[in-house]
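A quick write-up on the structure given underneath.
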Amino acid sequence: MDKTEGNYQPILLVISGPSGVGKDSVIQHLKANIINCHITITATTRDIRPGEIDGKDYIFLDKVSFVEKIRLDQFLEYAQVYGNWYGIPTKQVTDALSGGSDVIIKADVQGASTIKNKVEGSILIFLKPPSTLDLEKRLRKRHTEDEGELHLRLATAKEELSKIDLFDYIVVNDNVAEASEQIKHIIDTERFNQHRTKVKIL
């Protein structure tokens, strides 16, 4: 379907999954190699990590600024995760949709559930690790958590895996390129779905 056609309805895709599963890598591969869409930039109060760029990887805010945006109802969804706040700025989403662009949102499982209830027509994808052991290896490899934090993330991952029925699609991320291709196929399928619900923020 040609996105320039007058009857084209943008897609809002939520990519979720446990910490360390590779959500950022898959989304960046999609953006660089496969699709042209708006990828939302999450706001967070966590510390910036080496190599990250403010306004590109995340919007880094202090807690006072974040709470003020909550008060002004400027987030589509927000949550406190591992002691830090994360939120999806609503204006990014509405501006992209009104301009006819497809939107990809990265969210944790709690955030994905919120979006499913708040946005009609949203499509939820759960990015799943090949195994819990593989997820642990990925988390250890990135060296961003101490042992206590690592165990907390693994425990949370097991809980998130139990909520997989919330999602419309499951993609196993054993290989970033292959996972990205599967997500592209999902997007293409939904574009041609004549019964797809129009995206509407409630």
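Derivation of every value follows stated rules applied to the coordinates shown; laboratory data play no part. Being a predicted model, the structure only gives us computed values, none of them experimental. When we count neighbours, we look across all protein chains shown, and the Cβ atoms used for this are built from the backbone with ideal geometry, even at glycine.
Legend: distances between Cα atoms for LYS69/LYS141; LYS56/LYS163; LYS31/LYS69; LYS91/LYS118; pairs beyond 26 Å are LYS69/LYS141; LYS56/LYS163; LYS31/LYS69.
Within the chain, the longest run free of exposed loop sites, counting trypsin sites (Lys or Arg not before Pro) that sit outside DSSP helix and strand states (H, G, I, E, B) and have at most 11 other Cβ atoms within 10 Å, spans 57-197.
Taken about its Cα centre, the chain carries a charge dipole of about 180 debye when Lys and Arg each add +1 at the Cβ and Asp and Glu each add -1 at the Cβ. The value of relative contact order for the chain, using C-alpha pairs under 8 Å at least six residues apart, is 34 percent.
For the chain, modelled as a GNM whose springs connect Cα atoms under 10 angstrom apart, the maximal fluctuation among GLU190, GLU52, GLU120 occurs at GLU52.
Under a 5 Å amide H cut-off, with hydrogens placed 1.01 Å from N, LEU76 pairs with ILE88, THR90 among residues at least 5 apart or on other chains. I'd like the distance between the alpha-carbon centres of region 19-34 and region 35-102, rounded to an integer number of Å. What the calculation gives is 17 Å, centre to centre. Database remark: amide H of ASN173 closer than 5 angstrom to the amide H of LYS128 (H placed geometrically; neighbours at sequence offset of 5 or more, or on other chains; Pro and chain starts carry no H).
Just checking the listed ones, THR40, THR189, THR90: in the Gaussian network model of the chain with Cα springs under 10 Å, the one fluctuating most is THR189. Suppose the Debye formula is applied to equal point scatterers at every Cα of region 60-170; what is log10 I(q)/I(0) at q = 0.14, 0.20, 0.23 Å⁻¹? So the normalised log intensities work out to -0.71, -1.20, -1.32. Between ILE104 and LEU13, HIS38, ILE39, THR40, the built amide H atoms are under 5 Å apart, and every one of these is 5 or more places off in sequence or on another chain. In the set [x] 12.4; [y] 13.4; [z] 11.3, the label that goes with mean projected area of the Cα convex hull in nm² computed for this structure is [z]. Between the listed residues LEU133, PRO50, ASN33, the Cα displaced farthest toward the positive end of the dipole of the chain, a dipole computed from Cβ unit charges relative to the Cα centre, is found at ASN33. With unit charges on the beta carbon (Lys/Arg positive, Asp/Glu negative), name the residue among LEU124, GLN194, ALA79 whose Cα is farthest towards the positive pole of the charge dipole of region 47-202. Farthest towards the positive pole: GLN194. Across LEU97, LEU124, LEU152, mean-square fluctuation computed from a Gaussian network of the chain (C-alpha pairs under 10 Å connected) peaks at LEU152.
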